[in-house]
1. Can you give me the Rg/Rh ratio for the chain, using Cα atoms for both radii and the Kirkwood formula for Rh?
2. Largest first, what is the accessible-area ranking of E185, E145 with a 1.4 Å probe?
3. Sticking with the crude label model, points 7 Å out along Cα→Cβ, report the distance from S129 to Q159 in nm, one decimal please.
4. Express the accessible area of the chain per residue in Å², computed with a 1.4 Å probe while the remaining protein chains stay in the model.
5. Would you look at the GNM of the chain, springs on alpha carbons closer than 10 Å, and say which of L79, L133, L24 moves the most?
6. Work out from phi, with θ = phi - 60° and the Karplus expression 6.51 cos²θ - 1.76 cosθ + 1.60, the ³J(HN,Hα) of each residue of region 151-161, listed in order in whole Hz, and give x for Gly and Pro.
7. Restricting things to alpha carbons, tell me how big region 103-198 is in terms of Rg and Dmax, in Å.
8. Would you work out what percent of the accessible area of the chain, with all protein chains in place, is carbon or sulfur (probe 1.4 Å)?
Amino acid sequence: MSVFIALLRGINVSGQKSVKMDRLRQLFEGLGYTDVATYIQSGNVVFRAGAQLAEGLDFATKNDSAASAQLEAAIHEALLAQLGYDIPVLVRTPAELRDIVAGQPWPLPQKGAASEPQVYVTLLAQLPSEAGLAKLQGVRSGDDEYVVVDRTVYVLVRQRYGDTKLSNQTIEKKLGVSATTRNWETINRLIQLAEAAE
């Protein structure tokens, strides 16, 4: 069985789509996934899967898009059926998250330095189109920066993420794809949890 990371879009935000983490773990376990662990309240789940997936999928590959797509669909359907929430779900492997960290394009901010720029990662459900990328190029947000690499948008925020125009909602709208955003600390913590489970 292989380890995966599910990232849910838009739960427990401003009182909307409230889901307790113990209930979320139960939902994943009900799908037959094991070693289920959640991280903070924003919908981050590390779990093992394999037997529930269609035969013939190669779990040794680091970018198993077929397995991820199958897991995304199953989790999305369960969330809708059991909680009544139409929540976009993105699934990544530990290797994919490690590649994201390795590809971060800026010098990392110093830990604990509030005045330093902060890095956020917006994960995309699919590759953006050229037309979508062109639309995103028109977004200006002071000195904030972004870099798109495959299905990942790196966002460098100079002040507060709540003030940037390069928000998850803007990126989704301009690129025309579903997305969910995590801060740099969360991405690294999910890697740690996934590696402990591997």
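1. 0.96
2. Final ranking, largest accessible area leading: E185, E145.
3. Result for the modelled spin labels: 3.4 nm.
4. On a per-residue basis, 51 Å².
5. Maximum among the listed residues: L133.
6. 9, 10, 10, 7, 10, 9, 9, 7, 10, 10, 4
7. 13.7, 41
8. Summing carbon and sulfur atoms, their accessible area is 48 percent of the total for the chain.
The values are calculated or read from the model by the stated rules, or taken from the named source; none is laboratory data. Since the model is a prediction, treat every value here as computed from it, not as a measurement. Cβ sites come from the backbone with ideal geometry, for glycine too, and all protein chains shown count toward neighbours. What goes into the accessible areas is simple: the full protein's heavy atoms, side chains included, and nothing from ligands, DNA or RNA. Shrake-Rupley method; radii C 1.70, N 1.55, O 1.52, S 1.80 Å.
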